[in-house]
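To start, the structure itself, in C-alpha cells.
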C-alpha cells in the first residue's frame with residue numbers, strides 16, 4: 001500500500017503548501033492592519049466595532065460592512081488558517097518520514113531470527129498481494145494510449161487526471177478510503193476496448209470491482225443514447241464476470257449537476273469494508289486471471305494489427 005498512501009499524502013501536502021503560499025501573500029497585503037484588535041458593541045440590534053492597538057485608545061470604525069473591519073477580520077482569519085496549514089504540513093511530513101509499509105520483509109527485519117515463522121513468506125499479507133496486482137494492472141494500462149488525453153484536465157488528490165469535477169470527487173473519496181483504484185483501465189473485449197470509469201481492487205476479497213459514474217443518465221438530449229450505450233457496455237463486461245448490481249457499482253448526479261458525497265462514503269463502507277458474503281468471497285473477477293486474459297487479448301490485438 002506504500003505507493004497509494006504516499007501518493008495521497010504527497011498530493012495533500014502539495015495542496016497545503018500551495019495554500020500556505022497563497023495565504024501568506026494575502027497576509028502581506030493586509031499587514032497594515034496587523035496588531036489592531038476589534039471590539040464589538042451592539043446597539044438597537046445592530047453591531048458596531050471599535051479598533052485599538054495595545055496601549056492606544058479605541059477608535060470607532062463602523063459596522064461589519066466597513067472595509068477596515070472586514071480587513072482586520074480577514075487578517076485574523078488568514079493567520080488562523082496559516083497556523084492550521086503549517087501544523088498539517090508538519091504532520092504530513094512527519095508521516096512521510098516515519099511511515100512503515102506493512103510487508104513481510106519489514107516484519108522480518110524487526111524480528112530476532114529465532115522468532116521468524118518458517119511460513120512467513122507463504123503467509124504473506126493480502127496487502128502485499130493486492131499491491132502486486134495493482135502495479136501489474138497499472139503497467140498494462142500504461143502500455144495502451146489514453147482515450148482523448150486532452151480531455152483529462154481535472155487533477156485528483158494523487159495527481160491522476162480525470163475528465164470531470166464529479167469524477168475527481170468520486171476518485172478522491174475512493175483513494176482517501178485506502179482503496180486501490182485505476183481510472184479508465186482499458187479492458188479489451190473481443191478486439192474492442194471498453195473504458196470503465198474506475199477499476200477497484202476489493203481490500204477484503206482481493207477481487208476486481210468496477211464503479212461507473214452515470215453523469216448523463218438523466219440528460220434531456222443525451223440521456224437515451226447514453227443509457228443504451230451503458231447497457232451494451234454492461235453486457236460486454238458480463239462476459240468477463242463483471243455483473244451489474246454485484247461487482248459493477250454505479251453513481252448518479254442529482255438534477256443540479258452535483259453528487260451526494262455522504263452517499264459515496266456510505267457506499268464505500270458498505271461495499272468494501274463490510275464483511276463479504278460467502279458468495280462474494282468465492283465468485284467474482286480474480287485479478288490474476290483477469291490480468292492474464294487482458295495480456296493475451298492485447299497480444300492478439302497487436303498480431304491482428
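The values are calculated or read from the model by the stated rules, or taken from the named source; none is laboratory data. Just so you know, these numbers come straight off a predicted model, no measurement behind them. For neighbour counting, all protein chains shown are included, and Cβ atoms are generated from backbone atoms with ideal geometry for every residue, glycine included.
For residue 259, all conditions in the list (1) touching a residue at least 60 places away in the same chain (Cβ under 8 Å); (2) under 27 Å from residue 135 (Cβ atoms); (3) part of a loop (DSSP other than H, G, I, E, B) hold save one; what is the number of the exception? Residue 259 satisfies every listed condition except (2). Screening residue 182 against (1) within 20 Å of residue 283 (Cα to Cα); (2) part of a strand (DSSP E or B) leaves a single unmet condition, (1). The lone criterion from (1) surrounded by 19 or more Cβ atoms within 10 Å (Cβ to Cβ); (2) closer than 30 Å to residue 304 by Cβ; (3) modelled with pLDDT under 95 left unmet by residue 130 is number (2). Return the residue satisfying two criteria in turn: it lies in the stretch 155-164 and is assigned to a loop (DSSP other than H, G, I, E, B) and without any contact (Cβ under 8 Å) to a residue 40 or more places away in the chain, and of such residues it is nearest to residue 197 (Cα to Cα). Ranking the qualifying residues of the stretch 155-164, first place goes to 163. Look at (1) under 21 Å from residue 236 (Cβ atoms); (2) touching a strand residue (DSSP E or B) at 6+ places or on another chain (Cβ under 6 Å) and you find that residue 163 fails only one, number (2).
Yes/no per residue for (1) part of a helix (DSSP H, G or I); (2) out of contact with any helix residue (DSSP H, G or I) (no Cβ under 7 Å at 6 or more places or on another chain); (3) more than 27 Å from residue 33 (Cα to Cα):
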| site | (1), (2), (3) |
| --- | --- |
| 79 | yes, no, no |
| 82 | yes, no, no |
| 89 | yes, no, no |
| 94 | yes, yes, yes |
| 97 | yes, yes, yes |
| 111 | no, yes, yes |
| 118 | no, yes, yes |
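Within the stretch 262-294, the set of residues being in contact with a strand residue (DSSP E or B) (Cβ under 9 Å, 6 or more places away or on another chain) and outside any loop (DSSP other than H, G, I, E, B) comprises 263, 264, 267, 271, 272, 285, 287, 290, 293, 294. Of the residues in the stretch 213-224, at least one is surrounded by 15 or more Cβ atoms within 10 Å (Cβ to Cβ) and modelled with pLDDT of 95 or more. Taken residue by residue, the stretch 147-154 has at least one member that is in a strand (DSSP E or B) and either at pLDDT 95 or above or under 24 Å from residue 201 (Cβ atoms) (or both).
Do we have residue 170 as within 16 Å of the chain's Cα centre (by Cα), modelled with pLDDT of 95 or more, surrounded by 15 or more Cβ atoms within 10 Å (Cβ to Cβ) and assigned by TED's automatic domain parsing to the domain that holds residue 265 here? Taking the combined requirement at face value, the residue satisfies it. In the stretch 40-75, the residue that is surrounded by the fewest Cβ atoms within 10 Å (Cβ to Cβ) out of those that are touching a strand residue (DSSP E or B) at 6+ places or on another chain (Cβ under 8 Å) and within 30 Å of residue 14 (Cα to Cα) is 73.
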